[in-house]
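What follows is a short report on a single structure.
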Amino acid sequence: DKNPLKAAAEKAADALGASDSPEEGIPGKPGSRTPPVDEPTRPQPPLPPKPDQRGPAPMSPTGADTGADPADRAQSGAYLTTAQGARLHDSDHSLKAGARGPVLLQDHHLREKITHFDHERIPERVVHARGAAAHGVFRGYGTASGVTKAAFLAKDVETPVFTRFSTVLGSRGSSDTVRDTRGFATKFYTEEGVFDLVGNNIPVFFIQDAIKFPDVIHAGKPHPDREIPQAQSAHDTFWDFVTLHTEAAHHTLWNMSDRGIPRSYRTMEGFGVHTFRLVNAEGSTTLVKFHWKPRLGVHSLMWEEAQIINGTDPDFHRRDLADAIEAGAFPQWELGIQTFPDTADQTFEGIDLLDPTKIVPEELAPVQPVGLLTLNANPSNYFAETEQVAFHVGHLVPGIDITDDPLLAGRLFSYLDTQISRLGGPNFAQLPINRPHAPVNDMLRDGMHQTAVHRGVAPYRPNSLDGGCPFLAGADTGAFVETPVTVPEASKVREAPASFADHFSQPRLFWLSMTPVEREHIIAAYTFELSKCYEQAVKERALKVLANIDATLCSEVAVGLGLPAPRPTVELASPQPSPALSQLGHSWPVDGRIVGIVTDADGDLAGVRAVREAVLDAGMVPLVVAPTGGVLDADGDPVTVQRTFANARSVEFDALLLAGAPGRGDDAYGARDAKAGGSSAGDGAVTDPRVLLLLSEAYRHGKAVGGWGEVAAVLQAAGASPGGPGVVTGADSTTVLDQVVDLLGEHRVWDRFPPAV
Ligand code: HDE
C-alpha cells in the first residue's frame with residue numbers, strides 16, 4: 001500500500017537522475033552505470049525476427065521505460081535497408097573508383113540517403129513554431145448535457161486527446177521561458193469526429209479583426225533587416241504596433257504580467273478566447289467561453305529566473321512536461337465553461353461577447369467544470385506527432401458551433417490554408433496524429449501525399465454507380481447541422497461595432513485586480529521592454545496608453561524610462577476588481593516540486609537521507625547537490641550526488657536546504673574544492689561562492705530556503721537572514737522540511753516583497 005504520490009515522486013526522482021542507488025542510475029547522469037550496449041555480433045541474427053524477439057523499445061533520454069511496444073516501431077527487420085527494402089552491406093562509405101578515386105554517380109544508396117536528408121525539414125509554423133505536446137485522455141463529467149449534445153462533454157465518457165503547448169513569436173529552436181503568450185491547443189478524437197480547442201494561456205487577443213493578424217505578427221516577429229530580437233516583444237516594431245492599436249492594451253498588459261512567463265505548462269490556465277455557441281439535444285443554444293484550470297494552480301517564473309533559464313536550460317518547459325509525464329506525475333486541467341444566454345445583442349452584463357479583447361470576470365459568470373484533461377503519455381516521435389499535428393478552430397462536432405466574432409472568422413480560414421503549405425498538400429488529415437478516430441468516408445480525392453487507396457468509381461453525389469453511397473446523415477443521425485442563427489439585415493461595411501471602441505476599461509480591471517507584488521512585476525516588465533526600444537516616439541506613446549489604464553502604472557514606468565508621465569485622455573473607469581485574475585492568495589498541491597539539498601562530505605548525511613525520504617513522501621523530488629559528483633559516504637552509508645556545484649543553478653529548484661555540519665572546520669561547502677576561492681561567512685568560515693550564488697538567487701526569486709544545524713552564518717552571507725520571510729532553520733531536517741512544504745504550497749514567499757507601490 002505504497003503512497004501513490006511517493007511512488008510518482010520516486011519515479012520523477014529517477015527520471016531527473018535523483019536515484020539514490022548507483023546501480024539504478026541514468027546514463028550520463030552522476031552516479032550512473034553505463035547500460036550494456038548490444039554490439040551486433042557476427043553472423044547477424046536470422047530474419048525476420050518475431051516482434052517479441054526484437055528486444056525492448058529504445059530507452060528514453062531520462063532512462064525510464066517508455067512502455068512503447070517494440071512491434072510499433074516504424075522500422076522493421078533486423079538489417080539496414082534502402083527505402084525500397086534492399087539490404088545494405090555498407091552505409092559509411094560512398095561507392096568510389098578506388099579508395100582515393102572519384103565518387104560514382106551510380107551509388108543509389110548515397111544519392112537516396114543524401115536526397116532524403118536534404119528534404120527532412122518542413123516549414124515551421126508561421127506563428128507558434130516552438131512547441132511541446134503530449135497524449136492524454138479527457139473525461140467528460142456529463143454535467144454539460146443541459147447545454148450541449150456533444151457526446152464527449154454531455155456524457156461521462158473518456159476521449160483520447162493530444163495537446164500541444166507553444167510560444168507564439170519564437171522560431172522552432174528558440175527558448176521556452178521568453179516573455180510571450182503561450183498556445184494551448186487540444187485535439188479531441190471524439191466518436192463524432194475531431195474537435196480542436198485551439199486556445200491560449202491569455203484570455204484576450206491583441207486585435208479584434210483577423211484582417212489585422214498579419215500586421216500584429218509582422219510587428220511582433222524580429223525586425224526584417226537584422227532578424228533580431230528572437231522570440232521577444234522587447235523591440236520597437238512590437239511596441240509601435242501595440243501603442244498605435246490601443247485595442248492591444250489588454251493583451252499586452254497580460255503579457256507584461258507574470259502570465260507572460262509561466263513556471264511550467266503544467267501551471268498555466270488555458271482559454272478558448274472567443275465566445276462559442278453550444279447546442280443541446282433540443283436545439284437550444286447557449287453562448288460559452290472555455291477555460292482550462294490547472295490542478296497545480298497558476299504559477300509563474302520571476303523575470304530574472306526566466307532570463308537565467310534561457311541560457312542554462314532553453315528547453316525548460318519542454319523538459320518539465322516530458323519528465324513529469326514520464327515520472328507518472330500526470331499534468332491535469334479541469335475544463336470549465338462560463339455560460340451566457342444567447343441573446344440577440346450577444347452581450348453579458350454590458351460586455352460584448354463578440355469582442356475578443358474582453359473577458360467576463362469569473363465573479364460575474366462562474367466557471368462551471370465539465371471534464372478533466374489528463375496528459376499521460378509523451379510523443380514517441382517529435383516530428384511525426386508534435387510537428388505534424390494540425391489544429392483548426394473549424395474542427396467542430398455536433399453540439400459546438402461558432403459565433404460571429406470577426407477574429408474567429410479569419411481563423412476559420414487560416415488554419416487549413418497554412419497547413420496546406422506547411423504539411424505539403426491537402427492530405428495531412430491522413431497523418432497518424434491527425435486521423436480522426438471516428439470513421440471517415442469523404443469524397444476528397446488524390447493530391448500530394450495521398451496514402452489512401454480509395455475504392456469505388458463515383459466520388460460524387462448523387463451517384464448511381466457506387467450504390468448511391470455514401471449517404472447523408474441528419475441531425476438525428478449525428479450530422480453537424482449549422483445553427484440557423486438569424487443574420488441581421490445590414491449593409492456591407494468595413495467597420496467595427498461601437499462597443500469595440502472601449503480599449504481601456506478591461507486593462508484597468510486587470511490592473512486593479514492585481515496584488516502589489518504582481519503590479520510591481522508589471523511595472524518592471526513595461527520598463528524593461530520599453531527601455532529596449534530606440535524610438536522616443538514609441539516610448540512616449542506607450543506611456544500615453546498606460547496613462548489611460550492607471551496613473552501609478554504610468555508614472556512608475558515613466559520614472560524608469562526617465563520620461564515625464566502624461567495625463568490620461570479618457571475618463572478612467574472604476575470596475576469592480578476580479579480577484580480570480582490574481583495568482584496569489586491560494587495554496588496548491590506540491591507534487592512534483594524540486595527540493596535541492598546542499599551538502600558536502602562533512603555535512604550531516606543522516607539528516608540528508610532523512611530529508612530526502614521526507615521529500616519523496618510529500619510527492620516531491622529531492623536532488624542532492626555537492627561539490628563534486630559521485631557518492632558521499634563519510635559515515636559508511638553512501639548518499640548519491642545528483643547535481644554538483646559546477647552544474648547546478650538555482651533555477652532548477654523550488655526550494656533549497658543546507659545540510660549542517662557537526663564539527664565542520666573553517667571550510668564550508670567545499671570551499672577547498674572551489675578554484676574560484678570562497679567568501680567569508682562571517683564567522684571566519686569560507687563558503688564556496690557557487691553555494692552562496694545558489695542561495696542568494698533562490699532567496700531573490702522568492703523561494704523557500706533554509707537548513708538544519710550550523711547553517712546560520714552561510715545563510716546570512718547569502719543575504720537570507722534566518723528567521724526572515726521563508727528562511728527556515730532548525731535542529732532537525734524533517735521538521736524544517738514540513739515548514740518548507742507549507743511555503744511551497746503558496747508557490748513563492750510573497751512576504752519577501754513588501755509593497756512599494
Ligand atoms: Fe492562431 N494560428 N491565429 N490564434 N494559433 C496558428 O496555424 C491565426 C489566434 C493558436 O500548436 C496557425 O497551424 C489567425 C488566437 C495556437 O499547432 C495559423 C489569428 C488564438 C496555435 C494561425 C489567430 C490562437 C495557432 C499557425 C487571428 C487563441 C498553434 C500554424 C485571427 C485563441 C497550434 C497553424 C499548434 C496557430 C492563424 C489568432 C491560438 C497561421 C489568422 C486568438 C494555439 O493558421
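The values are calculated or read from the model by the stated rules, or taken from the named source; none is laboratory data. Keep in mind it's a predicted model, so treat the numbers as computed, not measured. Ideal geometry is used to build each Cβ from the backbone, glycine not excepted, and the neighbour counts take in all protein chains shown.
Summary of computed values
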quantity: Of all residues making up the range 553-571, the number that are surrounded by 15 or more Cβ atoms within 10 Å (Cβ to Cβ) and under 24 Å from GLN506 (Cα atoms); calculated: 9
quantity: Qualifying residue in the range 446-459 (condition: in contact with a helix residue (DSSP H, G or I) (Cβ under 7 Å, 6 or more places away or on another chain) and at pLDDT below 95); calculated: yes
quantity: Residue match in the range 392-404 (condition: near the ligand (Cβ under 9 Å from one of its atoms) and within 23 Å of HIS128 (Cβ to Cβ)); calculated: yes
quantity: Candidate set: the range 144-200, residues that are within 9 Å of the ligand (Cβ to nearest atom) and in a loop (DSSP other than H, G, I, E, B); chosen: the one farthest from GLY272 (Cα to Cα); calculated: VAL168
quantity: Criterion: part of a strand (DSSP E or B), under 25 Å from the mean Cα position of the chain (by Cα) and not basic (Lys, Arg) - qualifying residue of PRO361, PRO369, PRO356; calculated: PRO369
quantity: Matching option when the condition is within 16 Å of the ligand (Cβ to nearest atom), surrounded by fewer than 18 Cβ atoms within 10 Å (Cβ to Cβ) and of a type in the set (Val, Ile, Thr), among ILE228, ILE217; calculated: ILE217
quantity: Filtered residue count, the range 717-757, keeping only those that are in a strand (DSSP E or B) and of a type in the set (Ser, Thr, Tyr); calculated: 1
quantity: Residue tally, condition away from the ligand (no atom under 13 Å from the Cβ), under 24 Å from THR343 (Cβ atoms) and of a type in the set (D, E, K, R), over the range 248-289; calculated: 2
quantity: Verdict on GLY140 being more than 30 Å from ASP313 (Cβ to Cβ) and crowded, with 17+ Cβ neighbours inside 10 Å; calculated: yes
quantity: Qualifying residue in the range 518-537 (condition: more than 30 Å from GLU305 (Cβ to Cβ) and assigned to a helix (DSSP H, G or I)); calculated: yes
quantity: Qualifying residue in the range 115-136 (condition: away from the ligand (no atom under 16 Å from the Cβ) and surrounded by 12 or more Cβ atoms within 10 Å (Cβ to Cβ)); calculated: no
quantity: Filter result for PRO379 (within 16 Å of the ligand (Cβ to nearest atom) and under 18 Å from the mean Cα position of the chain (by Cα)); calculated: yes
quantity: Single residue of GLY410, GLY424, GLY399 found to be touching a strand residue (DSSP E or B) at 6+ places or on another chain (Cβ under 8 Å), small (Gly, Ala, Ser) and modelled with pLDDT of 95 or more; calculated: GLY399
quantity: Residue satisfying all of: in the range 201-214; assigned to a loop (DSSP other than H, G, I, E, B) and not aliphatic (A, V, I, L, M); nearest to the ligand (Cβ to nearest atom) among these; calculated: PHE205
quantity: Residue match in the range 234-255 (condition: surrounded by fewer than 18 Cβ atoms within 10 Å (Cβ to Cβ), assigned by TED's automatic domain parsing to the domain that holds THR357, on the phi < 0 side of the Ramachandran plot and under 22 Å from the mean Cα position of the chain (by Cα)); calculated: yes
quantity: Residue identified as more than 30 Å from the chain's Cα centre (by Cα), crowded, with 20+ Cβ neighbours inside 10 Å and of a type outside the set (Val, Ile, Thr) among ASP550, ASP502, ASP476; calculated: ASP550
quantity: Criterion violated by ASP345 - all others in (1) over 24 Å from ALA281 (Cβ atoms); (2) more than 16 Å from the ligand (Cβ to nearest atom); (3) touching a residue at least 24 places away in the same chain (Cβ under 8 Å); (4) part of a loop (DSSP other than H, G, I, E, B) satisfied; calculated: (3)
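Yes/no per residue for (1) part of a loop (DSSP other than H, G, I, E, B); (2) more than 13 Å from the ligand (Cβ to nearest atom); (3) assigned by TED's automatic domain parsing to the domain that holds ASP342:
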{"site": "LEU408", "(1), (2), (3)": "no, no, yes"}
{"site": "PHE413", "(1), (2), (3)": "no, no, yes"}
{"site": "LEU416", "(1), (2), (3)": "no, no, yes"}
{"site": "GLN419", "(1), (2), (3)": "no, no, yes"}
{"site": "PRO426", "(1), (2), (3)": "yes, yes, yes"}
{"site": "ASP442", "(1), (2), (3)": "yes, yes, no"}
{"site": "VAL453", "(1), (2), (3)": "yes, yes, no"}
{"site": "PRO459", "(1), (2), (3)": "yes, yes, no"}
